[in-house]
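See structure below.
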2 protein chains.
Amino acid sequence: MDSRKLLVDTMSELMWERGYSDTSPRDVRERSGVGQGSMYHHFPTKRDLALAALERNVDDLVPAGSELDGPGDPMARIEAYLMRPRDVLKGCKVGRMTQDPQVREDPALLAPVSRAFAQAHANLVGVLREAIAARELRDDLNPEQLAHTLMAVLQGGYVLAIAQQDPGPFDDARAGAIDLLRAASPSVLNQERN
Amino acid sequence: MDSRKLLVDTMSELMWERGYSDTSPRDVRERSGVGQGSMYHHFPTKRDLALAALERNVDDLVPAGSELDGPGDPMARIEAYLMRPRDVLKGCKVGRMTQDPQVREDPALLAPVSRAFAQAHANLVGVLREAIAARELRDDLNPEQLAHTLMAVLQGGYVLAIAQQDPGPFDDARAGAIDLLRAASPSVLNQERN
DNA sequence: GTCTATACCGTGATAGAC
DNA sequence: GTCTATCACGGTATAGAC
């Protein structure tokens, strides 16, 4: 129906599955069924199509962090965010882009990726601060650093899982992170001091 | 001098910088100065050269874990391993391969990557066990999971840093991980119980 | 907006002489 | 082992009709 939307949808999928460099205009045409003429009418270059697809893929990631804004204890929300089911062996549609040389070298393509991670970081920092305020986490922990740690656990978990072609390492990584977070609750001793 | 070695060296560099798909035989020839004939004499296909280069790149990573076998407290060795200086914005020459579709789909190319991470995991598990035995870490933590967590922090740290074109998120991620590890030492209360 | 035809270039080789 | 020449193919468009 709407060729333009079809093209963006298809490019989004392909960029998730194969990245940018390794996805050709021909791949997009064949999967979408949109003809050559239409394609270049809507998007003068492959890069233009990729930009549209990328904006879409990063937008998918923002509501994906909705566990963080929900109700419940801050720590419970953080754990829910980490434990949300994910398509582990496909990897992260946003993080993947950082390993594509043609994306890395193109500030315009990298920009949406950068924004998405910055947004995720800000959300996580907020909940971590709440957790500290609620005495669920020690107050000597740095929320900015810790947010990057947790994001890295997820992004790196994908890498390890794909290397083994097994989601196990991803699940291990996040379970270990949660154990550490729980171990970092203010100790009974400290609570008695206050 | 030795064309074969020159080719492997050059391919190793290029695969670190640009991955496999995006590195062409021409790139290798031009950077190495080795001629077309020599190249295809030593390596019948690009994939053969990549296999040799990959074996070499993963071998670079094993001695890189030598901090783990050194002297000193187990926890100090883990921290030294995490804090070792790294070329953050270039990323990990092994982890990078997992995002290349042509590597992902080729079991022979993925195998060295898988082995390298499995080895790193085994080494980390060993030191984490020592840390628990030395009462530097709580004994209710799972060393297998935790090892994957720490590896993921590094691998994911690269992703975040490249996205921002700034090593900051990588440094945050590992600093946060170390803070969590320290917070997971057996509490005074627990120590008194034993 | 969509179609078909055409074009140019880089990739990933192969061929055969030296 | 190394050199130069050649090649088939896919990637990434452009041209112009409908």
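The values are calculated or read from the model by the stated rules, or taken from the named source; none is laboratory data. Here the structure is a predicted model, which means the values were calculated and not measured. Backbone-built Cβ (ideal geometry, glycine too); neighbour counts: all protein chains shown.
Computed quantities for the displayed model
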read-out	value
Residue in region A:79-89 that is more than 8 Å from chain B (Cβ to nearest Cβ) and within 26 Å of B:MET15 (Cβ to Cβ) present	yes
Filtered residues of region A:1-58 (kept if of a type in the set (A, V, I, L, M) and in contact (Cβ under 8 Å) with a residue 40 or more places away in the chain)	A:LEU7, A:VAL8, A:MET11, A:MET15, A:LEU49, A:ALA50, A:LEU51, A:ALA52, A:ALA53, A:LEU54, A:VAL58
Scope region A:22-53; condition under 18 Å from B:PRO101 (Cα atoms) and either modelled with pLDDT under 95 or buried (at least 18 other Cβ atoms within 10 Å of the Cβ) (or both); matching residues	A:ASP22, A:THR23, A:VAL28, A:ALA50
Scope region A:121-153; condition within 7 Å of chain B (Cβ to nearest Cβ) and part of a helix (DSSP H, G or I); matching residues	A:GLU144, A:GLN145, A:LEU146, A:HIS148, A:THR149, A:MET151, A:ALA152, A:VAL153
Helices (runs of 4 or more DSSP H) fully within region A:1-97 counting 2 or more residues that are in contact with a Ser or Thr (Cβ under 8 Å, 6 or more places away or on another chain) and over 15 Å from A:PRO112 (Cα atoms)	A:3-18, A:25-32, A:36-42
Selection within region B:59-101 - among the charged types (D, E, K, R) and in contact (Cβ under 8 Å) with a residue 60 or more places away in the chain	B:ASP73, B:GLU79, B:ARG86, B:LYS90, B:LYS93, B:ARG96, B:ASP100
Among the residues listed as A:LEU6, A:LEU68, the single one being hydrophobic (A, V, I, L, M, F, W, C), touching a helix residue (DSSP H, G or I) at 6+ places or on another chain (Cβ under 7 Å) and within 16 Å of DNA strand C (Cβ to nearest atom)	A:LEU6
Residue match in region A:98-107 (condition: part of a loop (DSSP other than H, G, I, E, B) and within 16 Å of DNA strand C (Cβ to nearest atom))	yes
Search result, residues across region B:155-171 that are surrounded by fewer than 24 Cβ atoms within 10 Å (Cβ to Cβ) and either outside any helix (DSSP H, G or I) or of a type outside the set (Gly, Ala, Ser) (or both)	B:GLN164, B:GLN165, B:ASP166, B:PRO167, B:ASP171
Hey, A:ALA118 facing chain B (nearest Cβ under 9 Å) and either in contact with a His (Cβ under 9 Å, 6 or more places away or on another chain) or among the acidic types (Asp, Glu) (or both) or not	no
